[in-house]
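Here's the structure, in structure tokens; my notes come after.
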Amino acid sequence: MAERPTAGVADRRELVRAHLAVVLAAISFGSTFIPVQDAIHRVDPVPFLGVRFLTGTVLLGLFLARIGGWSRLRQPAVIRGGLRAGVPLLAGYLLQTFGLRYTSTPVSAFITYLLVVFVPVLGAFWLGRLPQGRVVIGVVLATAGLFLLTGAHLHVGLGEWLTLGCAVTFAVNILEIDRAVGANPAYHDVVAVAVVQLAVVATGCLLPGFFLGGYQMPGSALGAAVYTGVACSALAFGLQVWGQRRVGPTRTALLLMIEPVTAAIVGSIYGQPLGATGLAGAGLILVGILVAEVVPSRD
């Protein structure tokens, strides 16, 4: 008879699975860069986001019902946690979308992922939680890498300020997810919080969407909205919330830096090569993640 793994081994295995969940979420987010970029040129961003997050809410809600956790949506703590995480997520997507009208996609990506800086900073002041030194070093390396990845050019204007607000609200979203599920690892509650979070964004986009372009979408744009709803809103956000309960907010933000690397790789496949500077930036991001995740800690 095979021996059961010890509690320490089981904990390490679950921690590895949590890291992999966040990494897969980041890859999924990054893989949608090309279809979203194409769709936004065809339809208004707000109804597009509405369809995307409605799709994700329905799918993740069906999954929650399938595993017998639908009753968790009646728990005040779950609703509170989902609302607190969903409101900044909604604000972040709206700020990012409107910011893209006044700035380029690479600059938007760089500023958005300054959230990797805002999460430990806000966490230190808000939650009284100082990050480890190796995590700080990893954040600095990854941020410098993302700057190189996006062309090492930065102009501060209206679009940049809007996107900076997006980075702050996304950081708040990560911290609120940590507050909602970090101390309560029950699987059904984690999925329920993710469902409420997605429902907040879907509702906040669907209603204005009727007045901002409507829902007469070409087939390609509708397909992109449904695809991103499945790949990102349902799958990736579900994985992120589940993994973050063990990984923590600062490391989650750092691991999500894999998203722009994935987007850059996908872009190069579709005729948008990185170039030498971009390759150096992608490598520096991965080095930053390795420093934060692999270098031994004194704790």
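The values are calculated or read from the model by the stated rules, or taken from the named source; none is laboratory data. Since we're looking at a predicted model, the values are computed, not measured. Because the Cβ atoms are built from the backbone with ideal geometry, glycine has one as well, and the counts that use them run over all protein chains shown.
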Which of the residues that make up segment 86-108 are small (Gly, Ala, Ser) and buried (at least 21 other Cβ atoms within 10 Å of the Cβ)?
-> 86, 92, 99, 108
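Every residue, every condition in (1) surrounded by 24 or more Cβ atoms within 10 Å (Cβ to Cβ); (2) more than 13 Å from residue 51 (Cβ to Cβ), yes or no:
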site	(1), (2)
206	no, no
222	no, no
226	no, no
249	yes, yes
260	yes, yes
266	no, yes
Can you tell me which residue within segment 1-45, out of those that are among the polar types (S, T, N, Q) and under 20 Å from the mean Cα position of the chain (by Cα), is modelled with the lowest pLDDT?
-> 37
Can you tell me which residue among 261, 200, 266 is aliphatic (A, V, I, L, M) and modelled with pLDDT of 85 or more?
-> 200
With respect to residue 159, determine if the residue is at pLDDT 90 or above, surrounded by fewer than 24 Cβ atoms within 10 Å (Cβ to Cβ) and either assigned to a helix (DSSP H, G or I) or of a type in the set (Val, Ile, Thr) (or both).
-> no
Of the conditions (1) crowded, with 24+ Cβ neighbours inside 10 Å; (2) within 19 Å of residue 28 (Cβ to Cβ), residue 286 clears all except one; give me its number.
-> (1)
Residue 131 is checked against (1) part of a helix (DSSP H, G or I); (2) at pLDDT below 85; (3) under 18 Å from residue 255 (Cα atoms) and fails just one. What number does that condition carry?
-> (1)
Might you let me know whether segment 56-68 holds any residue that is surrounded by 16 or more Cβ atoms within 10 Å (Cβ to Cβ), within 16 Å of residue 251 (Cβ to Cβ) and under 20 Å from the mean Cα position of the chain (by Cα)?
-> no
Residue pairs within 7 Å by beta carbon, gap of at least six or interchain, first lying in segment 187-203 and in contact (Cβ under 8 Å) with a residue 24 or more places away in the chain and closer than 17 Å to residue 239 by Cβ, second among the polar types (S, T, N, Q) and part of a helix (DSSP H, G or I), listed first then second, are 195/57; 198/57; 198/233
Examine segment 46-62 for a residue that is of a type in the set (Gly, Ala, Ser), modelled with pLDDT of 90 or more, in a helix (DSSP H, G or I) and farther than 22 Å from residue 180 by Cβ, and state whether such a residue exists.
-> yes
Identity of the residue in segment 244-258, touching a Lys or Arg at 6+ places or on another chain (Cβ under 9 Å) and among the polar types (S, T, N, Q), that ends up modelled with the highest pLDDT | 244
